[in-house]
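To start, the structure under review is shown below, and the notes come after it.
The values are calculated or read from the model by the stated rules, or taken from the named source; none is laboratory data. What you are looking at is a predicted structure, and each value in this text was computed from that prediction instead of being measured. Using ideal geometry, Cβ is built from the backbone for each residue, glycine included, and neighbour counts are taken over all protein chains shown.
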Amino acid sequence: MRYVVSFLLVTSGVLAVLADWQRWHPACVGGFDSDTCVERQSDWYDYAPPGESWIPIGTSAPLMATSYVLMALAVLGLFRTARAGWWTWVVGAVFALSFGLVAAEIFASASTGSAVSLPATVVTWPVLAGLWPCALLVLGATGLDRPGPAWPLVVVAACLALASPLALYFTAAIVANYMSHDTSPWTQAIGGVLTVVAGFALLRARPVGAAEREPALVH
């Protein structure tokens with residue numbers, strides 16, 4: 001399971017980097033205070049999700065939507081890589097649905113060339129901004145009371161929490177050492193790199209052993 005989840009996380013992160021590359025390159029290569037870079041920092045170019053005055057750039061939106069789809073699939077099995085039990089699938093499904101709805105909204109916007117707002121995403125963004133980091137905190141704590149090294153799950157949880165929608169705006173500003181008036185350069189790319197790191201760290205996590213699995217029913 002963890003190999004599949006790891007692959008999905010890494011691929012999701014790479015797609016996020018590719019999506020952001022189209023927004024910021026070459027506009028912000030020479031410096032973040034250049035006229036072209038400052039112009040690209042406008043929320044007009046935000047695609048995760050697009051705003052009312054959205055201006056599409058290349059294939060950034062569909063790439064990011066695909067990244068969210070892969071993230072949804074990864075999240076579905078993420079908690080199962082740390083603990084056995086049916087409840088891990090339930091927790092994963094809640095957040096997978098949230099990522100999936102965000103992906104649907106971005107895909108819909110990309111297909112029409114203008115911002116499309118899906119009613120359900122009114123709930124999903126608070127879930128991903130608030131509950132998702134809390135769930136990741138629990139995931140990281142799980143690594144501390146399992147046999148084997150604790151650091152892989154701690155790294156996974158920390159990276160994904162820093163890349164969560166609300167935290168990422170602060171994370172990107174700190175990493176880029178630049179606070180923008182709108183969106184800091186390379187925001188989604190930084191989140192993508194963190195997701196890639198999380199994916200590779202998961203490979204080092206100890207598999208859920210037979211002793212941790214739920215006992216079979218005796219008839």
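Remarks
- Check on A82, closer than 20 Å to L166 by Cα and not β-branched (V, I, T): no
- Remark: A96 falls outside the filter, which requires a residue to be under 19 Å from S6 (Cβ atoms) and at pLDDT below 95.
- Qualifying residue in region 81-88 (condition: touching a residue at least 60 places away in the same chain (Cβ under 8 Å), in a helix (DSSP H, G or I), under 22 Å from F7 (Cβ atoms) and of a type in the set (D, E, K, R)): no
- Residue among L139, L131 that is under 17 Å from the mean Cα position of the chain (by Cα), at pLDDT 95 or above and not charged (D, E, K, R): L131
- For region 167-200, the candidate set comprises residues that are in contact with a Leu (Cβ under 8 Å, 6 or more places away or on another chain), of a type outside the set (V, I, T) and more than 20 Å from R40 (Cβ to Cβ); within that set, the residue that is surrounded by the most Cβ atoms within 10 Å (Cβ to Cβ) is A198.
- Here A16 clears all of (1) aliphatic (A, V, I, L, M); (2) within 21 Å of A163 (Cα to Cα); (3) assigned to a loop (DSSP other than H, G, I, E, B) except the condition numbered (3).
- Any hit, region 112-120, residues being crowded, with 20+ Cβ neighbours inside 10 Å, among the hydroxyl-bearing types (S, T, Y), out of contact with any Leu (no Cβ under 6 Å at 6 or more places or on another chain) and touching a residue at least 40 places away in the same chain (Cβ under 8 Å): no
- Filtering V94, V116, V90, V127 for residues that are closer than 22 Å to L160 by Cβ and touching a Ser or Thr at 6+ places or on another chain (Cβ under 9 Å) leaves a single hit, V127.
- Annotation note: of E105, E52, the sole residue that is touching a Leu at 6+ places or on another chain (Cβ under 8 Å) and charged (D, E, K, R) is E105.
- Within region 144-183, if we keep just the residues that are among the charged types (D, E, K, R) and closer than 24 Å to L203 by Cβ, the residue that is modelled with the lowest pLDDT turns out to be R146.
- Pair list, Cβ < 6 Å and 6+ apart or interchain, from region 174-195 residues that are of a type in the set (D, E) to residues that are surrounded by fewer than 24 Cβ atoms within 10 Å (Cβ to Cβ) and in a helix (DSSP H, G or I): D182/D43
- Considering residues of region 30-66 that are polar (S, T, N, Q) and in a loop (DSSP other than H, G, I, E, B) only, the residue surrounded by the most Cβ atoms within 10 Å (Cβ to Cβ): Q41
- Selection status of A205, on the phi < 0 side of the Ramachandran plot, buried (at least 17 other Cβ atoms within 10 Å of the Cβ), at pLDDT 95 or above and of a type outside the set (S, T, N, Q): no
- Yes/no for L128 being of a type outside the set (G, A, S) and in contact with a Leu (Cβ under 7 Å, 6 or more places away or on another chain): no
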